[in-house]
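Have a look at the structure below before the remarks.
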Amino acid sequence: MLLSDLMSHATSVPYNYIRPICDRPNLVDVETADVSIPLIDLRGIHGGGDRSRIIREIGMACRTNGFFQVKNHSIPETTIDAMLNVAKEFFRLPESERLKTYSDDTSKTTRLSTSFNVNTEKVSNWRDYLRLHCYPVEQYVNEWPSNPQNFRDVVSEYSKQVRELTLILLGAISESLGLDGDYMEKALGKQAQQMAVNYYPRCPQPELTYGLPRHKDPNAITILLQDGVSGLQVLRGGKWVAVDPIPDTLVINIGDQIQALSNDRYKSVLHRAVVNSDRERISIPTFYCPSPDAVIEPPRLLVGKEHPPIYRSFTYAEYYDKFWNQGLQSASCLDIFKTT
Ligand code: OGA
Ligand code: NI
């Protein structure tokens, strides 16, 4: 059942959203910092003296934090505002209208659902989400919602812009590992791009539940657009750190596939989304993925006597299947593929 119309004005959350005491967000212990994860200015990434500095900064961020933020990312403000607005409008549609897109079948390429995977989980999460496949746009656009009326145009444009930015970032990541600029793009095969539009309604008891519990992203790299409301937290040095939104910036994180392709030099890091009692929140991650048949294994350059391969090679299809079926657990899904 969708959350949106469910008691965000009630005084308590239904029992099936309540986490056991040992698994609650402990919000008083969360650290906040002005800039909790590196903020990298991408101006100059296309050439000139700044390019090598930016690549070094990105490499450092991927090695240590697995997360960074970018400004001057070249996606126009109008595209970003339109994307956030159309997302908000979608979740304001009458429930009967939204339900036209509802499905719990995780193999569907366009679907509205709730929590994470209602087929396998015991405790629900305070989230509704719309999932869309976005690449190639032409292949999927006709299955996307057509209400709001400008939904397809706005999401097409945003998806294309995010793809361009992602390819630039993959180039920088490849170079920061000493690889050819197109290495990652090629290693991911034909590639895929999926978007989630996460809607976290106000929650009467945010200390008892999650928007999304701790997890690592199973894809290659994630580009997150968030509205002005806080909720994202990243595990750093054993502590949860809030990544509060900064206007005009996007949050980038390394997913499991780049961790595997880099033979563990770069980190896919645990993160989670918490909810709050004051304001609803929208976040829009774009998950950039290998194509299902891509074989994930590190390049020769990153394997040697001192760097034995950490994982056996696998296809992304194999990985993704395991991810959805094991549920969101603290153990990384990558552990299943370890060589020793
Ligand atoms: C995700 C995710 C964080 C957020 O959807 O994988 O980590 O802030 N979302 O919504
Ligand atoms: Ni995530």
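Worth a mention:
- For region 3-337, the number of Lys pairs separated by eight or more positions or lying on different chains, with C-alpha atoms closer than 16 Å, is 5.
- Fraction of beta bridges assigned by DSSP in region 3-337 that are antiparallel (%, nearest 5): 90 percent
- Using alpha-carbon coordinates, inclination of helix 49-64 to the longest axis of the chain, degrees: 60 degrees
- 3J(HN,Hα) along region 172-183: 5, 5, 4, 4, 5, 8, x, 9, 4, x, 9, 4 Hz, from the Karplus curve 6.51 cos²θ - 1.76 cosθ + 1.60 with θ = phi - 60°, whole Hz, x for Gly and Pro.
- Alpha-carbon centroid distance for the pair region 199-244 / region 28-86, whole angstrom: 17 Å
- Surrounding net charge for Gln226, when Lys and Arg each add one and Asp and Glu each subtract one, Cβ distance under 11 Å: -1
- Kirkwood hydrodynamic radius of region 209-340, from inverse mean 1/r over distinct Cα pairs, in Å: 15.9 Å
- Considering the chain at the alpha-carbon level, its Rg and Dmax are found to be 19.3, 60 Å.
- Calculated from backbone phi, Karplus (6.51, -1.76, 1.60) coupling profile of region 120-129 in Hz, x at Gly/Pro: 10, 8, 8, 10, 8, 10, 7, 8, 10, 8
- Accessible area per residue was computed with a 1.4 Å probe on protein heavy atoms; Asp50 scores about 70 Å².
- Check: region 3-337 dipole with +1 on Lys, Arg Cβ and -1 on Asp, Glu Cβ, in debye: 520 debye
- Size of charge dipole - region 1-148 - debye, nearest 20, with Cβ of Lys, Arg +1 and Asp, Glu -1, no other charges: 300 debye
- Here the Debye sum runs over all C-alpha atoms of region 51-100 as equal scatterers in vacuum, and log10 of I(q)/I(0) at q = 0.17, 0.30, 0.31 Å⁻¹ comes out as -0.71, -1.05, -1.07.
- Principal-axis tilt of helix 77-92 within the chain, Cα atoms, nearest 10 degrees: 40 degrees
- Among 311-321, 158-168, sorting by the average number of other beta carbon atoms lying within 10 angstrom of each residue, highest first, gives 158-168, 311-321.
- Packing order of peptides 16-26, 231-241, 60-70, 185-195, highest average first: 60-70, 185-195, 231-241, 16-26 (average count of other Cβ atoms within 10 Å over each peptide's residues).
- Rg over Rh, two decimals, region 6-120 (C-alpha only, Kirkwood Rh): 1.07
- Neighbour net charge for Ser332 - beta-carbon separation under 13 angstrom, K R +1, D E -1: +1
The values are calculated or read from the model by the stated rules, or taken from the named source; none is laboratory data. Predicted model, so just to flag it, every value in this text is computed and none were measured. Positions of Cβ are backbone-derived with ideal geometry, glycine not excepted, and every protein chain shown enters the neighbour counts. These area figures cover heavy atoms from the full protein model, side chains too; ligands, DNA and RNA do not enter into them. Shrake-Rupley method; radii C 1.70, N 1.55, O 1.52, S 1.80 Å.
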